[in-house]
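The values are calculated or read from the model by the stated rules, or taken from the named source; none is laboratory data. These numbers come from a predicted model, not from an experiment. Virtual Cβ from ideal backbone geometry, glycine too; neighbours counted across all protein chains shown. Heads up: the accessible areas ignore ligands, DNA and RNA and are worked out on the full protein's heavy atoms, side chains in. Shrake-Rupley method; radii C 1.70, N 1.55, O 1.52, S 1.80 Å.
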Amino acid sequence: MPRLSKSSLSESRLVEVALRVIARHGWSAVTLEEVAREAKVSVDFVQRTFSDKGDLLCAVARYVDGKSAGDDTTNPSASAHDRLFDALMARFDALQAHREAFVSMIEESRRDPQLLRTTVCLLRGSMGETLRRVGLDRHDAARQALITAALEGLYLLALRVWSRDESADMAKTMAALDRYLSRAEKVATALRIA
């Protein structure tokens, strides 16, 4: 593996290195020292980017957010269902690029309450940003919090399907996401939430 120069190592590049380590060893075994060794840089350099593992986890969340927003081709005239479907599938595309690492983290979160709590907390912000990107953030604070929480739950259900969907085209994930969004839309319409 070629040595990465310090000038070329952005946060996202270090996250990609960390994801390779996670894919091999799992989240619990990852240390900043291991990330530095894999990136072939000093531990001090990595610690200037991530103060600790919690900070690294936040950076992983930012990485997924950035990758899924980077290809934002959401059609503003499309239905809310279609805009959310496209935005959430962009997240699954970002996860798919580092599938082994993210599946490993999902599995570990079932045994690690701290990892689960932090991930869910970060996901709330990600879902809020997703709603903003697709133009579904125009409600009062209480209603917006409810919509964000509902989207978070829906995404977690789809994430479970994705973690077991080994097809290249993520067909099961797409079908499940479409089904969950349709159900949520019906509930929101019935309750006049959306």
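Per residue of the chain, the DSSP helices (runs of n ≥ 4 H) give a summed -39500 (n - 2.57) that works out to -24000 deg cm²/dmol at 222 nm.
Were the residues from Asp86 through Cys121 laid out at 0.36 nm apart, the gain over their Cα-Cα distance would be 10.3 nm. A full extension of the chain between Glu100 and Asp140 corresponds to an added length of 10.5 nm, given 0.36 nm per residue minus the alpha carbon distance. Label point of Asp44 set 7 angstrom out along Cα-Cβ; within segment 12-28, no amide nitrogen lies under 14 Å from it.
Carbon-plus-sulfur accessible fraction, segment 80-135 (probe radius 1.4 Å, protein heavy atoms only): 55%. Take the chain with all the other protein chains still there, run a 1.4 Å probe, and you get 54 Å² of accessible area per residue.
Available extension along the chain between Asp93 and Ala150 is 18.4 nm, counting 0.36 nm per residue and deducting the alpha carbon span. Taking mean projected area of the Cα convex hull in nm² as the quantity of interest, determine which of [x] 10.6; [y] 11.9; [z] 15.1 was computed from the displayed structure. For mean projected area of the Cα convex hull in nm², the calculated option is [y].
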